[in-house]
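Let me begin by presenting the structure, written as structure tokens, before commenting on it.
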Amino acid sequence: QVQLVESGGGLVQSGESLRLSCAASGSIFSIGAMSWYRQAQGAQRELVASITSAGSTNYADSVKGRFTISRDTTKRTVYLQMNSLKPEDTAVYYCNAVLNSLFAWGQGTQVTVSS
């Protein structure tokens, strides 16, 4: 059984930073692209950032220049460094990864940004 476990969410004030982590565990023989999504209350889940196994990154326009996605292959972990947070970044953040050629989701971590 494989799983993704997120950590690092919390409550911060506007302008502050947070770093999310997502670690893959279990019987894994391949990890493909890894991504972060978010879902605000009453809204659809949206892609925030993604990183391929080769290290290419992609960001939503709303977070470009503020968020940075990275991955540590040896730790099977993907990170999301979030700077200059805004109230509109408030959402549940989900990790997604291609593990053993199958999509997997984490359980989500709440990020709340107060104004």
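The values are calculated or read from the model by the stated rules, or taken from the named source; none is laboratory data. This one's a predicted model, so the numbers in the text were calculated from it and none came from an experiment. All Cβ positions, glycine included, derive from the backbone under ideal geometry; neighbour counts span all protein chains shown. Calculation scope for accessible area: heavy atoms of the full protein, side chains included, ligands and nucleic acids excluded. Shrake-Rupley method; radii C 1.70, N 1.55, O 1.52, S 1.80 Å.
Assess whether residue 80 counts as being under 10 Å from the mean Cα position of the chain (by Cα) and buried (at least 19 other Cβ atoms within 10 Å of the Cβ).
Answer is yes for this residue.
Is it the case, given these coordinates, that residue 17 is within 29 Å of residue 84 (Cβ to Cβ), modelled with pLDDT of 95 or more and crowded, with 16+ Cβ neighbours inside 10 Å? Spelling it out, it is not the case that residue 17 is within 29 Å of residue 84 (Cβ to Cβ), modelled with pLDDT of 95 or more and crowded, with 16+ Cβ neighbours inside 10 Å.
Report, ordered by the first and then the second residue, all pairs with beta carbons closer than 9 Å, sequence separation of six or more or different chains, a first member in the range 23-45 that is among the β-branched types (Val, Ile, Thr), and a second member that is not in a strand (DSSP E or B). Matching pairs, first to second residue: 28/2; 28/76; 28/100; 31/53; 31/73; 31/76; 31/100.
Checking each residue in the range 59-77 for being in contact with a Ser or Thr (Cβ under 9 Å, 6 or more places away or on another chain), of a type in the set (Ser, Thr, Tyr) and open to solvent by 20 Å² or more (accessible area, probe 1.4 Å) picks out 59, 68, 70, 73. With respect to the conditions (1) at positive phi; (2) surrounded by fewer than 15 Cβ atoms within 10 Å (Cβ to Cβ), residue 8 lacks only one, and its number is (2).
Exactly one residue among 101, 35, 53 is closer than 26 Å to residue 1 by Cβ, of a type outside the set (Asp, Glu) and open to solvent by less than 40 Å² (accessible area, probe 1.4 Å), and that residue is 35.
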